[in-house]
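Peer 1: For reference, the structure I am asking about is given below.
Rule-based calculations on the coordinates, nothing more; no lab input. Not measured: the values here are computed from a predicted model. In this analysis, Cβ positions are derived from the backbone assuming ideal geometry, glycine residues included, and neighbour counts consider all displayed protein chains.
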Amino acid sequence: MAAPVIEARDLVTEIGGRRIHDGLDLRIERGELMAIAGSSGSGKTVLIRALTLLLPIAGGEIRLFDAPVTGLNRAGERRLRRRMALMFQRGALFTGMTVLENVMMPLAEHTRLPLGLRREIARVKIRLAGLEPDAAHRYPGELSGGMTKRAALARALALDPELLFLDEPTAGLDPVSAAAFDSLIRELRDLLGLTVVVVTHDVDSLWEIADSIAFIGEGRVLARGDAATLAESDEPAVRAYFSGTRMRRGRERSWETA
Amino acid sequence: MERGGRVTGFLAFTGELTVDVLPRLIRPHRLRWRAIVAGIEQAGLYALPIVGLLAFLMGVVMTYQGGSVLRSYGANVFLVDLIGITMLREMGPLLAAIIVAGRTGSAYAAEIGTMQITEEVDALRTLGITPYEMLVLPRVAALAVAMPLLSVWADAMGVLGGMIVANGLYDVSFATFLDRLPYAVPVRMFWAGIGKTPVFALLIAMVGCYHGLRVRGSAEEVGRATTMAVVQSIFLVIIADAVFSVVFQQFGI
Ligand SMILES: Nc1ncnc2c1ncn2[C@@H]1O[C@H](COP(=O)(O)OP(=O)(O)OP(=O)(O)O)[C@@H](O)[C@H]1O
Ligand SMILES: [Mg+2]
């Protein structure tokens, strides 16, 4: 069996002395589209931050692309970062730059492509993320919430990452855009063979696009499997989350479309 | 306890900055020159009017006050010594540093602090760019260049202010003033004043960036970081100035 892209063993994270995760284990295979669910404040964003090396871990081990991430030198860390990208929950676009410049920034950092080509690639990614071309020259302050998400996605896709983290990509989008976003992510996965980790509360996303769902609670992965499995889970918290009325409606919809 | 934490925090910041930045200085072509040049423009060029005006007024006031005393001894011409020495050695650099701390040090803290809140700093890190490389180093470098130049400008404007009052009220003509200036103020005094300014620049820029990077969470924190940056950098600049005075005295400069 191929080595997993992400492997976290016995992971412990702390923020300001408070323990957020305690003994969390997670494996994500290459090409998998995995959703992370859990109630608000359960530590999904913190987990993503730990996996993307933004937050130093307090214990345990993280392996990415089958290599440990501790003790990397600067060049090693840069090489690793080039292979993965994160779309932040609130976009985190560089406010001093236009959308186009935002998307060109990773290209300027990690490639030696000429300016014209970088601009061309950035335009392609912006279109791919579903933004109209004329949005490319606006500043982040001039974008709507949905456009910000798309611009952030375009930037995350700039370097064709092998591993993509998305933190609540569809939160706050209208249902049509959210559905389009979901199918875009799925297409990208199928087309480019990306491994995708997506944090989401979106019922439809959970039922329809995820290969599997990891449910975070009490500082660890409480349950793992597809939505139907989790709805039958032994953990009351998991069952409650997946068998609420909103979830049931999501399930019915997914049966209708199936 | 709280204060101890802040001191060690700043020392840790200094250490990390040094470790991050020193290897980059070996390859200067990889530095972010565009950001540095923009920073010099912002911190230096745009500060010229306010620094010039305040230094000019300072020269005017000092001459006005000092002149009335000196005149009663018939020693008007010693105004040149008074203005030359105080301006070039102390007031010019100090005035420039205090304005820069209020104008640029606060801006550094606010800019970087806001970027912390919008997670732009984290977004940089996901691209493999450290905040030291992208945000701190260009700012420190820009100020290290702008600060000495601003001090020279403050020196000149302060002396000009003094000259105009000396000429108008105390019968010291421009020609007399300029003739006497090189004898009254040896060149090493000018250099003693300017020599301090890169240190002031370093203190102001580093304290500003440090407080910006420490911001976590809310917009309220940005305000607090800005205040702390200004208060602490002015405090440190004056301490450093005092240390320089003692050291220069020891070496007879
Ligand atoms: N910078 C921080 N400082 C202090 N505590 C934090 C910080 N970031 C997160 N936390 C705490 O860590 C816990 C997990 O937060 P996290 O942001 O991971 O939640 P989440 O699962 O992403 O929630 P949501 O679905 O609302 O985004 C929360 O209790 C939060 O209070
Ligand atoms: Mg979150």
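Peer 1: What does DSSP give for the protein assembly as shown in terms of the percent of beta bridges that are antiparallel, rounded to the nearest 5?
Peer 2: Percentage antiparallel, nearest 5: 55.
Peer 1: Once both labels are modelled 7 Å past Cα along the beta-carbon direction, what's the residue A:95-residue A:239 spacing in nm?
Peer 2: For the pair residue A:95/residue A:239, the computed spacing is 4.8 nm.
Peer 1: Top mean-square fluctuation among B:230, B:19, B:222, Gaussian network model of chain B, C-alpha springs under 10 Å?
Peer 2: B:19
Peer 1: Need one number: nm distance between label points at residue B:242 and residue B:219, each 7 Å from Cα along Cα→Cβ, rounded to one decimal.
Peer 2: 3.9
Peer 1: Which ordering of B:100, A:199 is given by a fewest-first count of other beta-carbon atoms within 10 Å?
Peer 2: So the ranking, lowest neighbour count to highest, is A:199, B:100.
Peer 1: Percent of alpha carbon pairs in the stretch A:16-131 separated by more than 23 Å?
Peer 2: Of the Cα pairs, 45 percent sit more than 23 Å apart.
Peer 1: For A:21, A:137, A:110, B:29, what ranking results if the residue with the fewest other Cβ atoms within 10 Å of its Cβ goes first?
Peer 2: B:29, A:137, A:110, A:21
Peer 1: How big is the Cα convex hull of the protein assembly as shown in projection, averaged over all directions, in nm²?
Peer 2: 30.1
Peer 1: How large is the Kirkwood hydrodynamic radius of the stretch B:28-105, counting all unique pairs of alpha carbons, in Å?
Peer 2: Over the stretch B:28-105, the inverse of the mean reciprocal pair distance is 14.7 Å.
Peer 1: Over the stretch A:192-245, how many percent of alpha carbon pairs lie in each 10 Å bin up to the one with the longest distance?
Peer 2: Once binned at 10 Å, the Cα pair distances of the stretch A:192-245 give 23, 58, 16, 3.
Peer 1: Taking a point 7 angstrom from the Cα of residue B:16 along the C-beta vector, which residues in the stretch A:14-56 have backbone N less than 13 Å away?
Peer 2: Within reach of a label on residue B:16: A:54-56.
Peer 1: Report, ordered by chain and residue number, the lysines lying within cross-link reach of residue A:149, taken as a straight Cα distance under 24 Å and ignoring same-chain residues fewer than 8 apart.
Peer 2: In chain and number order, the partners are A:44, A:125.
Peer 1: If one computes the Cα centroid of the stretch A:33-56 and of the stretch B:213-236, what distance in Å separates the two points?
Peer 2: Taking the Cα centre of each part, the stretch A:33-56 and the stretch B:213-236 sit 29 Å apart.
Peer 1: Now a separate question. For chain A, what is the mean residue ellipticity at 222 nm derived from helices alone (per DSSP H run of n ≥ 4: -39500 (n - 2.57); sum divided by total residues; nearest 500 deg cm²/dmol)?
Peer 2: -12500 deg cm²/dmol
Peer 1: Give me the angle, in degrees from 0 to 90, between the Cα long axis of helix B:219-250 and the longest principal axis of the Cα atoms of chain B, rounded to the nearest 10.
Peer 2: Roughly 50 degrees, rounded to the nearest 10.
Peer 1: Determine the calculated [θ] at 222 nm for chain B from helices alone, applying -39500 (n - 2.57) to every DSSP H run no shorter than 4 residues and normalising by the residue count; nearest 500 deg cm²/dmol.
Peer 2: After summing the helix terms and dividing by the residues of chain B, the value is -26500 deg cm²/dmol.
Peer 1: Other chains near A:80-88: what is the mean number of their Cβ atoms within 10 Å of each residue's Cβ?
Peer 2: 3
Peer 1: Need the C-alpha centroid separation for the stretch B:58-112 versus the stretch A:125-194, integer Å.
Peer 2: 56
Peer 1: Taking chain B as the reference, fit the longest principal axis to its C-alpha atoms, fit the long axis of helix B:2-25 to the helix C-alpha atoms, and give the angle between the two in degrees, 0 to 90, nearest 10.
Peer 2: With rounding to tens, the tilt is 90 degrees.
Peer 1: Now a separate question. What is the sum of charges around residue A:189, taking Lys and Arg as +1, Asp and Glu as -1, for the other residues whose C-beta is under 10 Å from the C-beta of residue A:189?
Peer 2: Summing Lys and Arg as +1 and Asp and Glu as -1 gives -3.
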